[in-house]
Amino acid sequence: MGRLFGTDGVRGVANSQLTPNLAFRLGQAGAYVLSKEHPHPRIVIGKDTRISGDMLEAALISGICSVGADVLRVGVLPTPGIAYLTRTLDVSAGVVISASHNPVQDNGIKFFDSTGFKLPDVIEDEIESIVLSEEKPWEVPIGGEVGRVIEVNDAGRRYIDFLKESIGRLDGLKVVLDCANGAASYVGPAVLREFGVEVIPIFNTPDGVNINAGCGSTHPEELQRAVLEHGADLGLANDGDADRLIVVDELGNILDGDFIMVICALAQKAKGSLAENAVVVTVMSNLGLHIALKEAGITVYETQVGDRYVMEELLRTGAKLGGEQSGHIIFLDHNTTGDGLLTALHLLTVVKERQIPLSQLASQMQRLPQVLLNARVKNKERLMSDGKVLAKVREAEEALGERGRVLVRPSGTEPLIRVMVEGPDQEKLMLLAQDVIDIINQCDA
């Protein structure tokens, strides 16, 4: 698998790359590294709905208990719910078994520290070095020192109550919610109903293999249809672990994370509640976002792709709102990671308070044409420094001049190279992006 940890934990094809043996070793090493200061550590474990979750959960629990740590098992719960529980249940760490928006054959393991934040690179590196070296720097417990499993039966209720703490009633709104047959399938509809929303849930019957299959934040086509069919005020789409949100307005238009951040930032600024008068985004955010926020006098900080890097910049700058075009939005006043349901509640609050359609709120940002293509490759790192690829990227940049930009980057979670081209002419952008993709594929052959 190369380096184990990507931008969002350890991911791979379950039972092939991400094996039970690797999960067992990650459980051991993670529990040891994250629990050094605790005489009898406790670790929260949750998962999404994919079928391999049970297998990997069993292996992780075995590894964690084998070094003397207890496991608090919460079952299926959104990633942000597990982050919340990690920082509120007096535990040493949290673990999520999920591959987010990836297809069912993939799975992943990501860790939170005791405060609910994703691990810094230095801690991940320490865990990884132990796993790869197969060393055992811990004393092997026996008898009563072996860890045990404790069931947390009210995890969903705890997370719903947390979401209800900072948002008022939302009566009168009609919403279609696409749960991606994932971790939000129960808590998503439940929490919206408790706010008074009329909810039409779709893709909320997970069977272990239908997670993200033609649904969710990466496939919102059925959500568009449902919004128009039901005459809903808007539609909400989570991904498999519900840390993302993509939205459909009442006219059926798809709105990504950039639109959501602009709407929420401008609403917060109008109330005088936008911390540091700033928003943190990644290099993938559309230039239209930068224009809209800067025209409103809002500072925009830019970082590399990955919500962990958005978080680092939020902590550095003191800003409290940030996120990614993909729909990972962080409201740092409330949670320590992207939270699709929390984001939905904040967006619905703006719609409720302003009493205008979401399409009008979205018109505060004018999206510049943008083309994003992916190349599935064997060796991301080699191709990113290939001379022919770099030359083709420079050629595309010269063709756009100052009226656009080209961004080529390896995915942190999949064997892909992503090519994003932005500028005023959609047809030209597609040709330039395809030229770069073609060179990447040639060089990867």
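Over the stretch 336-416, accessible surface divided per residue gives 50 Å², non-protein components excluded, 1.4 Å probe.
Distance from the alpha carbon centroid of the stretch 16-91 to that of the stretch 408-445 works out to 37 angstrom. Close amide H partners of GLY6, meaning residues 5 or more places away or on another chain with modelled amide H under 5 Å apart, are ARG11.
Kirkwood Rh and Cα-based Rg: tell me the resulting Rg over Rh for the stretch 125-215, rounded to two decimals. So for the stretch 125-215, dividing Rg by the Kirkwood Rh gives 1.21. Considering only ASN379, ASN335, ASN102, the Gaussian network model of the chain with Cα springs below 10 Å gives its largest mean-square fluctuation to ASN379. Could you state the number of Å between the C-alpha centres of the stretch 100-126 and the stretch 367-396? Measuring centre to centre over Cα atoms gives 26 Å.
Couplings 3J(HN,Hα) for the stretch 113-123, derived from phi with the Karplus relation 6.51 cos²θ - 1.76 cosθ + 1.60 (θ = phi - 60°), are 7, 5, 9, x, 8, 4, 6, x, 4, 5, 6 Hz, where x marks Gly and Pro. Each Lys and Arg Cβ is given +1 and each Asp and Glu Cβ -1; about its Cα centre, the stretch 140-211 then shows a dipole of about 120 debye. Counting only aspartates and glutamates at least 8 places from LYS320 when in the same chain, those with an alpha carbon closer than 18 Å to its own are GLU165, ASP243, ASP258, GLU276, GLU302, ASP307, GLU312, ASP333, ASP339. In order along the stretch 76-88, the Karplus-derived 3J(HN,Hα) couplings, from 6.51 cos²θ - 1.76 cosθ + 1.60 at θ = phi - 60°, round to 6, 7, x, 3, x, x, 5, 4, 4, 5, 4, 8, 10 Hz, and Gly and Pro are given as x.
Potential lengthening of the chain between GLN304 and VAL209 amounts to 31.0 nm, from the contour at 0.36 nm per residue minus the alpha-carbon distance.
Backbone phi angles across the stretch 305-317, fed through the Karplus curve with coefficients 6.51, -1.76 and 1.60 (θ = phi - 60°), yield HN-Hα couplings of 5, x, 5, 5, 6, 4, 4, 4, 6, 4, 5, 5, 8 Hz in residue order; Gly and Pro are listed as x. A Gaussian network model of the chain, with springs between Cα atoms under 10 Å, assigns the largest mean-square fluctuation among VAL71, VAL104, VAL377 to VAL377. Relative contact order of the chain: 13 percent, from C-alpha pairs under 8 Å at least 6 residues apart in sequence.
Surface composition of the chain: carbon and sulfur atoms hold 50% of the protein heavy-atom accessible area at a 1.4 Å probe. These residues, LYS271, LYS380, LYS428, go from largest to smallest accessible area, 1.4 Å probe, as LYS271, LYS428, LYS380. Between GLY108 and SER98, ALA99, the built amide H atoms are under 5 Å apart, and every one of these is 5 or more places off in sequence or on another chain.
For the set HIS40, HIS328, solvent exposure ranked by accessible area (probe 1.4 Å, protein chains only) runs largest to smallest as HIS40, HIS328. Across the stretch 111-208, the mean sequence separation of Cα contacts (distance under 8 Å, 6 or more residues apart), normalised by length, yields a relative contact order of 22 percent. Magnitude of the charge dipole for the chain, about its Cα centre and with charges confined to Cβ atoms of Lys, Arg (+1) and Asp, Glu (-1), is about 180 debye. Counted by Cβ distance under 13 Å from GLU313, the other residues give a net charge of -2, where Lys and Arg count +1 and Asp and Glu count -1.
Here the simple spin-label model places points 7 Å from the Cα toward Cβ, and for ARG3 and GLU135 these points are separated by 2.0 nm.
Only lysine pairs 8 or more places apart, or on different chains, with alpha-carbon atoms under 26 angstrom apart are counted in the stretch 343-422, and they number 4. Based on Cα contacts under 8 Å between residues 6+ apart, the stretch 209-357 shows a relative contact order of 23 percent.
Using a Debye calculation, one point per C-alpha and no hydration shell, please list log10 I(q)/I(0) for the stretch 147-268 at q = 0.19, 0.20 Å⁻¹ in order. Debye output, listed in q order: -1.08, -1.18.
The values are calculated or read from the model by the stated rules, or taken from the named source; none is laboratory data. Model, not experiment: these values are computed from the prediction. Note that we place each Cβ from the backbone using ideal geometry, even for glycine, and neighbour counts take in every protein chain shown. Please note that ligands, DNA and RNA were not included when accessible areas were found on the heavy atoms of the full protein model with its side chains. Shrake-Rupley method; radii C 1.70, N 1.55, O 1.52, S 1.80 Å.
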